[in-house]
């Protein structure tokens with residue numbers, strides 16, 4: 001039982017990181033109808049940017065803050081203006097193909113321009129252990145879970161409780177009606193891309209100390225985040241949190257009680273089961289655009 005609880009808690013902590021990346025999928029889909037298959041690479045790139053700032057002598061938190069500014073420009077504004085805006089008028093498929101190509105280009109660009117080796121990454125949390133009822137919990141797991149949960153809840157509160165957040169949701173529901181009501185649609189869509197970039201930076205800060213900074217780290221993370229978003233509900237931001245936690249816990253349990261070889265297949269199996277019996281996801285609703 002002790003081992004189970006330990007696996008459960010560490011799985012929830014890992015799943016919360018998946019949730020941050022999955023939340024990016026749901027936000028972009030709701031606000032602009034965009035599916036970004038480079039989402040994993042959007043986590044990988046900030047990790048290397050932070051390493052670069054750290055190499056210049058900046059403390060970790062200062063490097064993170066500087067990376068957030070860079071990411072909002074590169075992964076937010078430049079991605080929206082350079083890829084999303086020109087292609088969305090042609091439908092969803094061109095943006096899907098473009099983001100797949102972007103993911104490949106980003107992976108190979110880091111491998112050729114920086115390094116193909118895995119690099120250690122400093123942890124935000126001290127290397128400390130807690131023993132609670134025989135369950136050993138690391139400070140990193142506790143901090144990761146708390147930080148990720150705080151970000152998800154803050155994002156949800158921003159969308160539901162602020163004028164800007166409600167305007168972003170209005171744009172997601174009906175762009176033409178939002179324009180008639182005087183909402184600046186391009187600005188609201190940019191805010192969504194910027195929030196996605198910030199969430200990617202946070203995910204990089206939390207996940208990279210465990211998985212190391214490497215050019216292909218985003219590939220697996222992006223796939224699991226996509227599956228988590230589908231499992232929870234692609235049009236529900238709270239579903240991203242649920243889907244991420246389910247995937248993280250299921251991976252840990254499968255690796256411990258079945259075989260580590262099946263760990264990476266768990267998300268795919270869960271995705272297939274959910275999509276067969278509840279295509280809209282566990283918390284998702286059928287797509288209905290309304291004023």
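Read-outs: derived from the displayed coordinates by stated rules, not from any lab. Since this is a predicted model, take the numbers as computed values, not measurements. Backbone-built Cβ (ideal geometry, glycine too); neighbour counts: all protein chains shown.
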message = What does the C-alpha gyration tensor say about the overall shape of segment 112-202? Classify as rounded when a/c is under 1.5, otherwise prolate if a/b is larger than b/c, or oblate.
response = oblate
query = Any idea what angle helix 266-277 forms with the longest principal axis of the chain, computed on alpha-carbon atoms, 0 to 90 degrees, nearest 10?
reply = 40
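If the chain between residue 4 and residue 125 were fully stretched, how many nm would it gain, using 0.36 nm times the residue separation less the Cα-Cα distance? Please report the intermediate quantities before stating the final value.
Numbers: separation 121, 0.36 × 121 = 43.56 nm, distance 2.40 nm.
Here the answer is 41.2 nm.
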ask   = Between residue 164 and residue 176, how many nm apart are label points set 7 Å from Cα along the C-beta direction?
value = 2.9
request  = Report, in whole Å, the centroid distance computed from the Cα atoms of segment 54-80 and segment 113-173.
outcome  = 17
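Expressed in whole Å with the largest first, what are the equivalent ellipsoid semi-axes of the chain derived from the C-alpha gyration tensor as the square root of 5 times each eigenvalue?
Values: eigenvalues 177, 109, 68 Å².
Whole-Å semi-axes of the equivalent ellipsoid: 30, 23, 18.
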inquiry  = Per-residue counts of other Cβ atoms within 10 Å, averaged by peptide: what ranking do you get for 26-39, 127-140, 210-223, 74-87, highest first?
reply    = 26-39, 210-223, 74-87, 127-140
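Could you calculate the contour length gain from residue 116 to residue 157, that is, 0.36 nm times the residue separation minus the distance between their Cα atoms, to one decimal place in nm? Show your work: numbers first, answer last.
Numbers: separation 41, 0.36 × 41 = 14.76 nm, distance 3.96 nm.
Length gained between residue 116 and residue 157: 10.8 nm.
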ask   = Using 7 Å Cα-to-Cβ label points, what is the residue 56/residue 78 separation (nm, one decimal)?
value = 1.4
key: Simple label model, 7 Å out from Cα along Cβ direction - residue 216 to residue 275, nm   = 2.3
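What does the helix-only formula give at 222 nm for the chain: each DSSP H stretch with n ≥ 4 adding -39500 (n - 2.57), the total divided by the residues, and the result rounded to the nearest 500 deg cm²/dmol? Please report the intermediate quantities before stating the final value.
Details: 12 runs with 202 residues, N = 291.
When only DSSP H runs of four or more count, the value is -23000 deg cm²/dmol.
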task = Give me the angle, in degrees from 0 to 90, between the Cα long axis of helix 163-173 and the longest principal axis of the Cα atoms of the chain, rounded to the nearest 10.
result = 70
task = Report, in degrees rounded to the nearest 10, the 0 to 90 angle that the Cα long axis of helix 185-211 makes with the longest principal axis of the chain.
result = 10
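Give me the Kirkwood hydrodynamic radius of segment 2-114 in Å, from all C-alpha pairs, to one decimal place? Could you put the intermediate results ahead of the total?
Working: mean 1/r = 0.0632 Å⁻¹.
Kirkwood radius, segment 2-114: 15.8 Å.
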